[in-house]
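*Asks:* Dumping the structure here so I can ask a few things about it.
The values are calculated or read from the model by the stated rules, or taken from the named source; none is laboratory data. Just so you know, these numbers come straight off a predicted model, no measurement behind them. Please note: Cβ atoms are built from the backbone with ideal geometry, for glycine as well, and neighbour counts cover all protein chains shown.
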Amino acid sequence: MLNLLKSDLYRISRPLGLRGSLWQYGIAIVVVYVLIFLALFMLGQPALSSAFTTSTDLLKEFTTFTSPTQALASLTGGIVPLCATFMSVELALADFKQGFIRTLTSARRGRQSYFAAKVISAGVVSFVLIAFSSALLLALIALVGGTYTQGDSLASAAVWALGYWLNTWALSALSLILVYATRINPVSYIGAWCFCVSVVPQTLNGLAHSSGGLLRFLEPIAPLLETLAAWMPSSAISNLAEGGSRLLGSSIDIWDTTSRALTIDPAAQTLLTGIIWIALAAAAVLAIARHRDV
């Protein structure tokens with residue numbers, strides 16, 4: 001399994017011709033954020049300040065954050081999980097395209113190790129992208145003179161970072177189910193996008209809230225649907241948007257009081273959500289590998 005992990009890391013990090021997907025996605029992330037912060041920097045220049053009286057206020061508004069983790073959550077919550085998920089999907093699909101998977105799994109005895117390594121690779125990819133994007137953004141915030149109204153304690157920053165990583169990993173692992181179940185590129189990428197942009201929890205909540213009308217037959221399970229929505233990885237990442245301090249210091253009241261979902265302490269739920277879905281996704285991938293010829 002270790003050799004398979006090394007192989008995946010080598011393929012995504014090949015610098016020659018920037019063929020590794022890590023370089024490609026990394027450059028895309030750099031370009032997007034540099035352009036955003038360049039625009040913010042230009043807003044603070046005296047020439048623009050005299051031409052647009054609100055430019056200084058806009059600069060201050062967009063570069064003042066509650067805490068470092070809140071800044072990272074607001075700036076990376078959309079693009080980074082999506083990039084990590086797409087990278088994992090691309091890496092898995094490449095093995096089918098190149099015939100690599102048939103060579104490695106010709107013997108059923110070693111098949112489980114291959115698919116387990118893919119799930120772990122998704123976690124490694126998620127960690128690398130989160131670490132890279134966080135370092136980049138903190139540096140850019142400092143360059144444009146960004147400020148924080150409060151700091152993060154070591155515990156709150158650690159819980160936030162661990163929760164963000166686990167749930168990003170969970171999104172990537174869930175997308176691998178589509179890869180190995182369908183082996184169809186559009187289905188895999190569209191499904192990964194749906195996982196990341198909260199289509200699943202929004203659909204579940206929509207069904208739960210419609211249970212009193214045409215979908216009255218769903219009314220008995222409406223609390224279950226709302227609970228599933230609240231325990232999805234994309235929902236957990238949304239709960240991280242206010243930063244680690246609010247997450248760690250909040251009671252269960254952080255949840256919508258009108259919701260019928262079963263919820264627990266927000267910090268504990270965020271961590272458990274990632275762990276549960278990683279385990280479920282890994283079990284599903286291994287079950288597909290066991291019963292389906294590749």
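*Asks:* Of all residues in the stretch 166-184, which are assigned to a loop (DSSP other than H, G, I, E, B) and either buried (at least 20 other Cβ atoms within 10 Å of the Cβ) or charged (D, E, K, R) (or both)?
*Replies:* Taking the stretch 166-184 as the starting set, the residues that turn out to be assigned to a loop (DSSP other than H, G, I, E, B) are 183-184.
Arg183 - this is the single residue of the stretch 166-184 that is assigned to a loop (DSSP other than H, G, I, E, B) and either buried (at least 20 other Cβ atoms within 10 Å of the Cβ) or charged (D, E, K, R) (or both).
*Asks:* Restricting attention to the stretch 243-294, and to residues there that are buried (at least 16 other Cβ atoms within 10 Å of the Cβ) and modelled with pLDDT under 80, which single residue is farthest from Gly206 (Cα to Cα)?
*Replies:* Checked the stretch 243-294; the qualifying residue farthest from Gly206 (Cα to Cα) is Val294.
*Asks:* Out of (1) in contact with a Gly (Cβ under 7 Å, 6 or more places away or on another chain); (2) outside any helix (DSSP H, G or I), what's the single condition that is false for Gly163?
*Replies:* (2)
*Asks:* Report whether or not Gly191 is without any contact (Cβ under 8 Å) to a residue 40 or more places away in the chain, assigned to a helix (DSSP H, G or I) and crowded, with 20+ Cβ neighbours inside 10 Å. Give the derivation first.
*Replies:* Values: without any contact (Cβ under 8 Å) to a residue 40 or more places away in the chain: yes; assigned to a helix (DSSP H, G or I): yes; crowded, with 20+ Cβ neighbours inside 10 Å: yes.
Taking the combined requirement at face value, the residue satisfies it.
*Asks:* For the stretch 1-29, which residues satisfy the criterion of being surrounded by 16 or more Cβ atoms within 10 Å (Cβ to Cβ) and small (Gly, Ala, Ser)?
*Replies:* Gly20, Ser21, Gly26
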